[in-house]
Amino acid sequence: MKKRFGILLVILFIASIGFILFNNSSIKTLKTSNQDLKVKVEKLEKQKNTLDSEKQKLLQDKKTIEDKLNK
């Protein structure tokens, strides 16, 4: 009985170590993915800001042209 209990404890210990190692690798993968997504978001925000400034410039040009046509 004690031998079976000892074997069971060893199996549980090995399984818990395996689970911990698997969990740590999953966390590292998630951190890497999260970092990549942050970089992509920053690039998209820069593009958005650039497009917003271009839009404002085009709206000003449009208003200027409309004003010239109305005169």
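The values are calculated or read from the model by the stated rules, or taken from the named source; none is laboratory data. Only a predicted model underlies this, so the values are computations on that prediction, with no experimental measurement involved. As a convention, Cβ positions derive from the backbone with ideal geometry for all residues, glycine included, and neighbour counts pool all protein chains shown.
Please enumerate the residues belonging to region 29-43 that are of a type in the set (Lys, Arg) and within 8 Å of the chain's Cα centre (by Cα).
Lys38, Lys40
Give region 48-71 a look and list any residue that's surrounded by 10 or more Cβ atoms within 10 Å (Cβ to Cβ) and among the polar types (S, T, N, Q), or say none.
Correct list: Asn49, Thr50, Ser53, Gln56, Gln60, Thr64.
Just to be sure before I move on: is Ser16 among the hydroxyl-bearing types (Ser, Thr, Tyr), surrounded by 10 or more Cβ atoms within 10 Å (Cβ to Cβ) and either modelled with pLDDT under 90 or in contact with a Ser or Thr (Cβ under 7 Å, 6 or more places away or on another chain) (or both) in the structure I sent?
No; evaluated as a whole, the condition is false for this residue.
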